[in-house]
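This report concerns only the one structure given below.
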Amino acid sequence: MKKMITGLAAILLAGCGSSGDGNEALAEANSSGTAASEALENQVRESPATPMQKEQALALMKERHENYEKIGEAMKSISRELKAEAPGLAKVRAGAATIADLAPKVPSWFPAGTGPDVGKTEARAEIWQKPEDFAAKAQGFREAAIAFNQAAQGSDLDAVRSAHANLGKSCKGCHDLYREEH
């Protein structure tokens, strides 16, 4: 049990960026090249030494759902603002920061034993069947979130809209393959 908790804690901590905007995590990923992708892939593939208890798996699945709800709400708020005649950049920036903070944590939300065979989830089993591809898509989302957050700090609305569109494409690229329709 102690090994399982230690393993889960390591996975969760590995997904946490040390800076609020994710820039340090992106710099690390860029400087280490494929090492960052391999680390993300390992977070998805690896499981604790013993299988996760169902209660623990369900708790992590709930946390994952709640975090995706935060990302979804931020995206909706940002989209509303960017469609407005005079977008409120403060709201765009707040949403961008939320997404950039959560994006590096995505791989840690999918350890083995937290799939549709355990409980209700919109995550498809393919996440655990194709860990390399899922890790690559998670890395793409992370990079797009950080780029969008950086663009949102400026006042160039064209750059903000372009970075937001790229972020949306990264979301769709993962949702199309790894999320159940609802």
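The values are calculated or read from the model by the stated rules, or taken from the named source; none is laboratory data. In this text, all values refer to a predicted model and were calculated from it rather than measured experimentally. So basically every Cβ, Gly included, is an ideal-geometry build from the backbone, and we count neighbours across all protein chains shown. The protein model used for the area step is the full one, side chains on, heavy atoms only, and it has no ligands, DNA or RNA in it. Shrake-Rupley method; radii C 1.70, N 1.55, O 1.52, S 1.80 Å.
Can you find a residue that is touching an Asp or Glu at 6+ places or on another chain (Cβ under 9 Å), open to solvent by less than 20 Å² (accessible area, probe 1.4 Å) and more than 22 Å from Leu58 (Cβ to Cβ) anywhere in segment 170-181? Taking every residue of segment 170-181 in turn, none turns out to be touching an Asp or Glu at 6+ places or on another chain (Cβ under 9 Å), open to solvent by less than 20 Å² (accessible area, probe 1.4 Å) and more than 22 Å from Leu58 (Cβ to Cβ).
For segment 58-72, enumerate the residues that are among the basic types (Lys, Arg) and either within 21 Å of Lys169 (Cα to Cα) or open to solvent by less than 30 Å² (accessible area, probe 1.4 Å) (or both).
Step one: filter segment 58-72 for residues among the basic types (Lys, Arg), giving 62, 64, 70.
If the condition is that a residue be among the basic types (Lys, Arg) and either within 21 Å of Lys169 (Cα to Cα) or open to solvent by less than 30 Å² (accessible area, probe 1.4 Å) (or both), then Arg64, Lys70 are the ones that fit.
Mind checking which residues of segment 53-97 are of a type in the set (Lys, Arg) and either in contact (Cβ under 8 Å) with a residue 12 or more places away in the chain or in contact with a helix residue (DSSP H, G or I) (Cβ under 7 Å, 6 or more places away or on another chain) (or both)? Residues satisfying the conditions are Lys54, Arg64, Lys70, Lys91, Arg93.
Considering every residue within segment 35-52, establish whether at least one is under 28 Å from Ala112 (Cβ atoms), surrounded by fewer than 16 Cβ atoms within 10 Å (Cβ to Cβ), among the hydroxyl-bearing types (Ser, Thr, Tyr) and modelled with pLDDT under 50. Step through it out loud before you land on a result.
Pass one, segment 35-52, residues under 28 Å from Ala112 (Cβ atoms): 35-52.
From the residues that got through so far, the ones that are surrounded by fewer than 16 Cβ atoms within 10 Å (Cβ to Cβ) too are 35, 38, 42, 46, 49-51.
Filter once more, keeping what is among the hydroxyl-bearing types (Ser, Thr, Tyr): 50.
Still in the list and also modelled with pLDDT under 50: none.
No, that holds for no residue.
Considering Gly113, Gly95, the condition of being of a type outside the set (Ser, Thr, Tyr) and modelled with pLDDT under 95 is satisfied by Gly113 alone. Criterion applied to Ala163, Ala159 was being assigned to a helix (DSSP H, G or I), among the aliphatic types (A, V, I, L, M), open to solvent by 20 Å² or more (accessible area, probe 1.4 Å) and out of contact with any Leu (no Cβ under 7 Å at 6 or more places or on another chain), and the one residue passing it is Ala159. Note on segment 73-124: residues that are open to solvent by 40 Å² or more (accessible area, probe 1.4 Å) and in a loop (DSSP other than H, G, I, E, B) amount to 7. Taking each residue of segment 98-124 that is without any contact (Cβ under 8 Å) to a residue 40 or more places away in the chain and looking for partners that are surrounded by 22 or more Cβ atoms within 10 Å (Cβ to Cβ) and of a type in the set (D, E, K, R) with beta-carbon atoms closer than 7 Å, six or more apart or interchain, yields nothing.
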